[in-house]
Amino acid sequence: MHNNLFEYFKNKNEFLLIYALLCFTGAVICFILSKYGTLHINGISAWLKPGKFFISVGIFAFTMALYLSYLEDKKQVNNYCWSFIVFFSIELFLITLQAARGRKSHYNIDTPLDRIIFALMGLVLTAVLLHTIYIIKLFFTQKIFNADLEIILSIKLSLIIMILFMLEGFTMISLFKHTVGSEDGSKGIPVLNWSKNYGDLRVAHFFGMHALQVIPLLSFILAKSKKEVYIISTVYFIFVTVTLIQAWNGKSFIK
């Protein structure tokens, strides 16, 4: 079994797999700092946010390393991998820098430097978004895949849902906050810090982004036909949309 697992990953995108490992290492360091460090922002360890972003980017990199192996245009895949690594490294550096300074990384324009950092974060995420949309185009234009049609369909649909809820991030930027019904900083659930008392747009953003993992996994386990993949994807999309509507109505996800 271990040999088969090694062979499976050996043929995937090496650069993104290594990058994912580095991100997970960064997350461990941040969580250690959050436990033993004394630097806090709004009553929460400053290192918790970069730790969560390191995990999120690591999962994204790991997932894309698996999915990109199905594309035939290796030149475009390689370009995307380097774009992914460079831009997300800038994003993670800026978030970590702000944590080290004891400053908020998001929605912070208090000083000229904070404004520059927040603007750069938006620019690099836009670059990743646009390049990912191009990769999605390759999935839809390629005719033949070395995989079951159900799995490829689940990847295509999960990519579309992910992009839609990645775009939701720009809504939060336009509002300059993620809480609906109150200002940011209200009491939240452990680790994720989603608001316990008000609507939180991060909930739909989180579940929408992780459609990339959930839909293909559920399809692999449950689906025996393309119709069942569509059903799984539709149900998941409805679930995430409901969390978004709930947040817009100012209601907490956990109520």
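The values are calculated or read from the model by the stated rules, or taken from the named source; none is laboratory data. Note that the coordinates shown come from a computational prediction; the quantities given were computed from them, not determined experimentally. Here the Cβ is made from the backbone with ideal geometry for all residues, glycine too, and neighbour counts use every protein chain on show. Ligands, DNA and RNA are stripped out before the accessible areas are found, and what is left, the full protein with its side chains, is counted by its heavy atoms. Shrake-Rupley method; radii C 1.70, N 1.55, O 1.52, S 1.80 Å.
Structure values in brief
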read-out	value
Set Ala127, Ala119: member being small (Gly, Ala, Ser) and at pLDDT below 95	Ala119
Single residue of Lys35, Lys49 found to be modelled with pLDDT under 95 and either within 25 Å of Met166 (Cα to Cα) or among the hydroxyl-bearing types (Ser, Thr, Tyr) (or both)	Lys49
Within segment 96-127, considering residues that are charged (D, E, K, R) and part of a helix (DSSP H, G or I), the one nearest to Gly26 (Cα to Cα)	Asp114
When residues of segment 235-252 are limited to those that are of a type outside the set (D, E, K, R) and open to solvent by 70 Å² or more (accessible area, probe 1.4 Å), the one nearest to the chain's Cα centre (by Cα)	Phe237
Met166, sole failed condition from (1) open to solvent by less than 70 Å² (accessible area, probe 1.4 Å); (2) touching a residue at least 60 places away in the same chain (Cβ under 8 Å); (3) closer than 22 Å to Leu129 by Cβ; (4) among the hydrophobic types (A, V, I, L, M, F, W, C)	(2)
Cross-chain or 6+ apart pairs with Cβ under 6 Å, segment 208-226 first and open to solvent by 10 Å² or more (accessible area, probe 1.4 Å), then among the β-branched types (Val, Ile, Thr) and not in a helix (DSSP H, G or I)	none
Boolean, Val203 is in contact with a helix residue (DSSP H, G or I) (Cβ under 6 Å, 6 or more places away or on another chain) and modelled with pLDDT under 90	no
Filtered residues of segment 119-131 (kept if under 18 Å from Val57 (Cα atoms) and without any contact (Cβ under 8 Å) to a residue 40 or more places away in the chain)	Leu120, Met121, Leu123, Val124, Thr126, Leu129, Leu130
Qualifying helices (runs of 4 or more DSSP H) (wholly inside segment 128-227; at least 1 residues being polar (S, T, N, Q) and in contact with a Pro (Cβ under 6 Å, 6 or more places away or on another chain))	149-175
Of all residues in segment 13-65 being open to solvent by 60 Å² or more (accessible area, probe 1.4 Å) and among the basic types (Lys, Arg), the one that is nearest to Ser186 (Cα to Cα)	Lys49
